[in-house]
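The values are calculated or read from the model by the stated rules, or taken from the named source; none is laboratory data. The structure presented is a predicted model; accordingly, all values stated were derived computationally and were not measured. Surface accessibility is based on the protein's heavy atoms, side chains included, excluding ligands, DNA and RNA. Shrake-Rupley method; radii C 1.70, N 1.55, O 1.52, S 1.80 Å.
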Amino acid sequence: SLKGLPPAVVILAGFDPLYAEGAAYAERLGQDGVPVTVRDYPGQMHGFLSRAKISPKAYDAIADITALLTAHH
């Protein structure tokens, strides 16, 4: 069971080979009553957050993550 876990932010990248696993994890968190926020970035590859110089969408994702974490603080 995932009950009792803290609120989660799940970032999905459209071209990530682990996309389905991330989406399933987010769904499972929600089913077990864990507050979960999912952000989907179509067209992005796995690890895009660490490649902001070649993937400008990383800056959008970082801003989203920062806002969500600040809201839960």
Exercise for the section: Give me the percent of the accessible area of the chain that comes from carbon and sulfur atoms, probe 1.4 Å, all protein chains in place. Expected result: 61
Handout entry: Which label in (1) 12.8, 39; (2) 17.6, 70; (3) 11.8, 41 gives the computed Rg and Dmax of the Cα atoms in Å
Key = (1)
Exercise for the section: Calculate how steeply helix 57-72 sits against the longest principal axis of the alpha-carbon atoms of the chain, using the helix alpha-carbon long axis, and give the answer as 0 to 90 degrees to the nearest 10. Expected result: 30
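Please work out the average accessible area per residue across segment 17-73, using the 1.4 Å probe convention, and give it in Å². Spell out each step's value before the answer.
Values: 3940 Å² over 57 residues.
Value returned for segment 17-73: 69 Å² of accessible area per residue.
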Handout entry: Acute angle (nearest 10 degrees) that the helix 19-31 long axis makes with the longest principal axis of the chain, alpha-carbon atoms
Key = 30
Handout entry: Within the chain, helix-based [θ] at 222 nm, where runs of 4 or more DSSP H residues each add -39,500 (n - 2.57), nearest 500
Key = -13000 deg cm²/dmol
Handout entry: GNM top mover of 54, 11, 62 - the chain, alpha-carbon springs below 10 Å
Key = 54
Exercise for the section: Please work out how much length the chain gains when fully extended from residue 50 to residue 21, using 0.36 nm per residue of separation minus the C-alpha to C-alpha distance, in nm with one decimal. Expected result: 8.4 nm
Exercise for the section: Enumerate the amide H contacts of residue 13 below 5 Å, restricted to partners 5 or more residues apart or on another chain; note that Pro and chain-start residues carry no placed amide H. Expected result: 41
